[in-house]
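Below is one structure, written out as structure tokens; comments come after it.
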Number of protein chains: 2
Amino acid sequence: MKRIGIALAITFTSLHLSAEIVEEVVEYKHGETVLEGFRAYDDEIEGKRPSILIIHQWTGLTDYEKMRARMLAQAGYNVFAADVYGKGIRPQPPASGEEAGKYKADRELYRARMLAGLEMLKNDGRTDPSKVAAIGYCFGGTGVLELARAGTEIAGVVSFHGGLGAVPGMEAQQGKIPAKILCLHGALDPYVPADEVAAFQAEMSAAKADWQLNIYGGAVHAFTQKMAGDDISKGAAYNAEADARSWDAMLLFFAEIFLES
Amino acid sequence: MKRIGIALAITFTSLHLSAEIVEEVVEYKHGETVLEGFRAYDDEIEGKRPSILIIHQWTGLTDYEKMRARMLAQAGYNVFAADVYGKGIRPQPPASGEEAGKYKADRELYRARMLAGLEMLKNDGRTDPSKVAAIGYCFGGTGVLELARAGTEIAGVVSFHGGLGAVPGMEAQQGKIPAKILCLHGALDPYVPADEVAAFQAEMSAAKADWQLNIYGGAVHAFTQKMAGDDISKGAAYNAEADARSWDAMLLFFAEIFLES
């Protein structure tokens, strides 16, 4: 009950006090690759605070991720939305599938790109390093699970309708997964089929990771994204109930993982 | 975010105001069968309020359900813990398996016993009939899913590590399931195996029910029950994280389903 209390305290506090949300487009680099991320935070809040890394869906860092960053900043979190692809690389389908595929096929590169974004977050002066989580959407959901598999020292990861499959040989290893894991999944998601869900459970159980999987009946892929439309026969569509429930589940998870121990 | 707000408002309010929890053992009948239930509520609260029916695990209505009833009463809910078995029938294993089996094998009787408890709740003068949910543990989890399958006009049901299987011919029917469904399930529960979980998802998806399934990695059966001990090799054991997470998930669900529309 205490964690619901804290989740609410965070949300109510930020909704009722004056908030001054600062947003910035941020250019940074990973090796020679120029990246363009986005930060958002409430300038009325003093000191270091819980901080969230956002990993984008397959079209790159877009208005969608900026919207989520603002929502989190309103709720009092310090946010950095990373750029995995590179400045100016914001492909629409079908090119988005190819671009995402490059990183899904080279998970060391994918992990490294996300870690570059994590460094930006951790070094921004507002981040409490003991209170960091990464969230991701679709391709980005797969990404944050890769951060967990890599043993990244963060408190938690949240996958929103991400692909759950690991690359053989790169699965989660027992005792090496400090991040707590929350996966939010549409029951009818054809892009994350039942065998992949089962394999994920087996992988994470074998690794003795701290994991949870919430399945939303009636929801398909991209259920948090209004731009996915409402035609579930496409296998990707917005679902307002699953969107609201998954967001609240994430806030509840944050309240738990960021609790002072 | 609003529902987390309400969930917290409920819990914080009840924790910080004076509460006067009234508890009563309640004798009632179903046909000729004498039953002994338990009610709990906060006498400081005025008027009709959200109300919860509790369906017990396989040993009958015991101190465990009374404990949960008190917790819910502290949180501001009006509670009735039903008796499915009959006054004085509180079997320990292995007799508890036989007793539970009688009702699992005769689900019309099982439903009728639970509905008798629901009537007690609805007629107690404190229940807002538009804000009723049923929760159940193990055998009781199966029970509340049966209430949903029966088309019971309540806002929601929550199964804590309940058996998920329907009796052939008694599955949920499309358009006839008004209750929203939340199932809280241990990933390693040998009593509710993967094929049963898959069949439940297929059943509820075909019925177009509003359902959610939260799976807790590392948890087995009876994960909310300290009396189950801590030996997971038995297939039933307490899991503190899953207990806390499932309780909070229930409160969040209540905040959603009881929201003024």
#### Entry: Computed over the range B:104-161: relative contact order in percent, which uses C-alpha pairs under 8 Å that are six or more apart
35
### Summary
The answer for the net charge of residues other than residue A:125 whose Cβ lies under 15 angstrom from its Cβ, with Lys and Arg +1 and Asp and Glu -1, is -1
### Query
Within a Cβ distance under 13 Å of residue B:222, other residues only, what is the Lys/Arg minus Asp/Glu net charge?
-2
### Task
Give, as a single signed number, the net charge of other residues whose beta carbon lies under 14 Å from the beta carbon of residue A:190, with Lys and Arg counted +1 and Asp and Glu -1.
-3
### Query
When only C-alpha pairs under 8 Å and at least 6 residues apart count, what is the relative contact order of chain B, in percent?
16
### Among B:232, B:148, B:179 - extreme Cα towards positive end, dipole of the protein assembly as shown, charges at beta-carbon
B:232
### Query
Which whole number in µm²/s is D for the protein assembly as shown by Stokes-Einstein, with the Kirkwood Rh taken over Cα pairs at 25 °C and 0.890 mPa s?
103
### Query
Which cross-chain or sequence-distant (5 or more) residues have an amide H under 5 Å from the amide H of residue A:221, H modelled 1.01 Å from N in plane?
A:191, A:236, A:237
### Query
Using +1 on the beta carbon of Lys and Arg, -1 on that of Asp and Glu, and nothing else charged, what's the dipole of chain B about the Cα centre, debye to 20?
380
### Task
Would you work out if the range A:130-185 is rounded, prolate or oblate? Take a ≥ b ≥ c from the square roots of the eigenvalues of the alpha-carbon gyration tensor; rounded if a/c is under 1.5, else prolate when a/b is larger than b/c, oblate otherwise.
oblate
### Query
Which translational diffusion coefficient, to the nearest whole µm²/s, is obtained for the range B:164-261 from the Stokes-Einstein equation, given a Kirkwood hydrodynamic radius over C-alpha pairs, 37 °C and 0.692 mPa s?
225
### Message
Can you list the copy-to-copy distances for residue A:22, using a point 7 angstrom from Cα toward Cβ, in nanometres, shortest first?
### Response
5.6
#### Entry: Whole-angstrom gap from the range B:196-231 to the range A:92-119, using each part's C-alpha centre
34
### Per-copy distances of the residue B:119 label point, shortest first, in nm (7 angstrom along Cα→Cβ)
7.1
### Task
Beta carbons within 10 angstrom, averaged per residue: use that to sort the peptides B:237-245, B:250-258, A:190-198, highest first.
B:250-258, B:237-245, A:190-198
### Message
Run the label-point distances for residue A:94 please: 7 Å along Cα to Cβ, every other copy, nanometres, shortest first.
### Response
6.2
### Summary
Residues of the range B:33-71 with backbone N under 17 Å of the label point set 7 Å from the Cα of residue B:227 along Cα→Cβ are B:36-39, B:54-71
### Message
Using only DSSP helix segments of four residues or longer, with each worth -39500 (n - 2.57), what per-residue ellipticity at 222 nm results for chain B after dividing by its residue count and rounding to 500?
### Response
-11500 deg cm²/dmol
### Query
Of the beta bridges DSSP finds with both residues in chain B, what % are antiparallel, to the nearest 5?
30
### Query
Roughly how crowded by other chains is peptide A:208-216, in terms of the mean Cβ count from those chains within 10 Å of each of its Cβ atoms?
6
### Query
For all pairs of alpha-carbon atoms in chain A, what percent lies in each bin of width 5 Å, listed from the first bin to the last filled one?
1, 6, 14, 19, 21, 18, 13, 6, 2, 0
### Inter-chain Cβ neighbour average for residues A:242-251, partner chain, 10 Å
4
### Summary
Highest mean packing first, using Cβ neighbours within 10 angstrom, the peptides A:20-31, B:135-146, B:170-181, B:150-161 sort as B:135-146, B:150-161, B:170-181, A:20-31
### Query
Which value, in debye to the nearest 20, gives the size of the charge dipole of the range B:180-226 about its Cα centre, when Lys and Arg are +1 and Asp and Glu are -1 at the Cβ?
200
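Values quoted throughout were computed directly from the atomic coordinates according to the rules given, and no laboratory measurement underlies them. Note that the coordinates shown come from a computational prediction; the quantities given were computed from them, not determined experimentally. So basically every Cβ, Gly included, is an ideal-geometry build from the backbone, and we count neighbours across all protein chains shown.
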